[in-house]
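Here is the structure we will look at, set down as structure tokens.
The values are calculated or read from the model by the stated rules, or taken from the named source; none is laboratory data. Just so it is clear, the model here is predicted, and its values are computed rather than measured. Cβ atoms come from the backbone with ideal geometry, glycine included; neighbour counts cover every protein chain shown. The area values use the complete protein model at the heavy-atom level, side chains included, leaving out ligands, DNA and RNA. Shrake-Rupley method; radii C 1.70, N 1.55, O 1.52, S 1.80 Å.
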Amino acid sequence: MAQNIYDDPQFFTAYSQFRRSLQGLDGAAEWPALRALLPPMRGLRVADLGCGFGWFSRWAREAGAAEVLGIDVSENMLTRARAETADAAVRYERGDLDALDLREAAFDLVHSSLALHYVEDLGRLLKTMHRAIVPGGALVFSIEHPIYMAPSQPGWTTLEDGRKVWPLDDYGREGRRSTDWLAKGVVKYHRTLGTTLNLMIRAGFRVAHVEEWAPSPEQIAAAPEAAEALDRPIFLLIAATR
């Protein structure tokens, strides 16, 4: 079973204070770019993997989806998602993405936001998703960019010209990474960009768009610290078709 760090009280309390936790999709800097990759939602059957508080699940329904299934391993997340959702066409289930099984041809769109880097066997999950999506359907997801996950020596390095950079280390060493982020021992799985794309291709997906997300000039003007993502991308956004 995947690590259920979001049910750790310390982690959940800290995570709940993030802007994206308080403001939802509007608080997620990458949301406009991710939204641009989505197909028209009218009439779609949607699966939201790692649904968290249910922000996307509710948005999809409001945008016209016929039905939405949100899946998350965290009871804390699901409790809040259910409390904030008053729509019978949006339902939530507890599920471990490392062992997930979905009905064949049950969905027109599978979406996932910042969850798949917690999955150990991404190849298995991609095959599961491919089977669950109807021909012509879509997969759209975001993950932490592998370059963002790769540094194993925290802290900025100052170059001779005064620029500060984050040291990149062990990018090519794939596998389990344990980091102290909001709580000690948060487990994620590092894969290179090439590995992620090739796993998708082997699962049968046709990759349509790959975006190493960067903040817009307007976002940097509003939050200057966002310029860090110009030096090392934080998010990787991918859209594919079945």
Members of segment 201-222 found to be aliphatic (A, V, I, L, M), open to solvent by less than 70 Å² (accessible area, probe 1.4 Å) and either in contact with a strand residue (DSSP E or B) (Cβ under 6 Å, 6 or more places away or on another chain) or free of Cβ contacts under 8 Å to residues at least 12 places away in the same chain (or both), listed by number: Val207, Val210, Ile220
Residue in segment 185-192 that is open to solvent by 60 Å² or more (accessible area, probe 1.4 Å), modelled with pLDDT of 85 or more and either closer than 15 Å to Leu116 by Cβ or touching a Cys at 6+ places or on another chain (Cβ under 6 Å) (or both) present: no
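Show me the strands (runs of 3 or more DSSP E) found entirely inside segment 1-95 where at least 2 residues are open to solvent by less than 10 Å² (accessible area, probe 1.4 Å). Spell out how you get there, then give the answer.
Values: elements: 45-49, 67-72, 90-94.
It comes to 45-49, 67-72.
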Strands (runs of 3 or more DSSP E) enclosed by segment 168-242 - at least 1 residues per element that are under 22 Å from Tyr15 (Cβ atoms) and either in contact with a helix residue (DSSP H, G or I) (Cβ under 7 Å, 6 or more places away or on another chain) or of a type in the set (Asp, Glu) (or both): 175-181, 183-190, 235-241
Failed item in (1) in a helix (DSSP H, G or I); (2) crowded, with 22+ Cβ neighbours inside 10 Å, with Arg124 passing the rest: (2)
Unique match (being within 12 Å of Ala47 (Cβ to Cβ) and among the acidic types (Asp, Glu)) among Asp121, Asp108, Asp98, Asp87: Asp108
